[in-house]
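Step one of this worksheet: look at the structure below.
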Amino acid sequence: MTTTQERAVALEEGRATVAPLLEVSGLSVSYAPPRKGVGLGTGAALTEASLQVRPGEIVGIVGETGSGKTTLARATVGLVRPAAGRIEFAGQDMGSLRGRALRDFRRSGQVQLVFQDPLRSLDPDLTVAELVREPLDVAGTLPRTGPGGRQERVAESLRLVGLDPETMLGRRPRELSGGQRQRISLARAISTRPKLLFCDEPVSALDVSNRNLVLSLLDRLRTELGLAVVIIAHDLSSLAGIADRVAVFYRSRVVEQGPIQAVLERPAHPYTGLLTASAPSVTQVDRLRPDQLRPEPGAREWPAHGVCVFAARCRFAHDACVEQPAPLRLAGDREAACHVAGAWRAQLGTQVGADDRFHTEES
């Protein structure tokens, strides 16, 4: 058994006894519709999304652009207000925080968000020392100087992300490479020693060597600092070797979630199957081709709204799909929002191994 498999088994055995650090239930976020003549606003950005993240766990979030991945992160850190649903962090209902209590929570830095583009999110006029120290100045929990002070924490945070403080502290973002800027963003985020870290597309703009470096760094930080990490990504292969669990988003909904290895090797939702078939390097097990999963010529046409969100692109859509399916509990701590969850593969006429058969559990 590999280290990754051993870690997955250990986490799976402990999930029942460890309370979630983050628990999102039925979360919906709707941006205002565009005003006349202004192309802004996208309507419903998140619909009845539910997700759990436990301490020390890395959870991947994947899906197409506009599927609601970043909106979930922004709602969790308080940048957008949900229209419905509940967000609990460390047992605290975030929706109940108002006024000073909300400001104090935000300033504490317990939840941090690393934005997708570090060149745009880092102030170009500030030095690395000022950028990494800024969250500590806002929190105000450490002394400015002396042992255990902010300067010491800044240097320690830079070392944790593999950067030398002596050569970095006086530089500005334009004087750094893309990989260095991304690590500065990470150092800034972990300076407050958060419990939960959201990383929005942390490797999308990096070359292969820097991608692997940043992903390995996140894996190490979650162990050394006891972090829970949520990684938002388009690339399934980048999550395969680091995430413990994955949630798949499509058109504002979570359509499948579960342990990363099981989801990638035996997808329960046809959309997840299409993602894995389009990225064959993710798994060596019983690969499918994208054309096997797309609707056949002359297939039934489905409206854009009021039906299952994936019906128009699904080869297995049938009469029941006139209604959006609720998430269906599956064996192995998995769930999928599909009327044929786990059973669609048999309709392809391919041989399905015993490990590919799913059994629903009672809710």
- In this structure, is L122 touching an Asp or Glu at 6+ places or on another chain (Cβ under 9 Å) and either surrounded by 14 or more Cβ atoms within 10 Å (Cβ to Cβ) or modelled with pLDDT of 95 or more (or both)? no
- Quick check, is V285 within 23 Å of S28 (Cα to Cα), surrounded by fewer than 23 Cβ atoms within 10 Å (Cβ to Cβ) and modelled with pLDDT under 95? no
- Message: Being open to solvent by less than 60 Å² (accessible area, probe 1.4 Å), assigned to a loop (DSSP other than H, G, I, E, B) and not β-branched (V, I, T) is the requirement here; does C308 meet it?
- Response: yes
- Message: For the condition of a type in the set (G, A, S), within 23 Å of G60 (Cβ to Cβ), at pLDDT 90 or above and assigned to a loop (DSSP other than H, G, I, E, B), what is the one hit in G162, G170?
- Response: G162
- Task: Can you tell me which residue within the range 315-329, out of those that are more than 18 Å from G26 (Cα to Cα) and touching a residue at least 24 places away in the same chain (Cβ under 8 Å), is least open to solvent (accessible area, probe 1.4 Å)?
- Result: F316
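The values are calculated or read from the model by the stated rules, or taken from the named source; none is laboratory data. Just so we're clear, the structure is a prediction, and the values are computed from it rather than from any experiment. Because the Cβ atoms are built from the backbone with ideal geometry, glycine has one as well, and the counts that use them run over all protein chains shown. Only protein heavy atoms, including side chains, enter the accessible area calculation; ligands, DNA and RNA are left aside. Shrake-Rupley method; radii C 1.70, N 1.55, O 1.52, S 1.80 Å.
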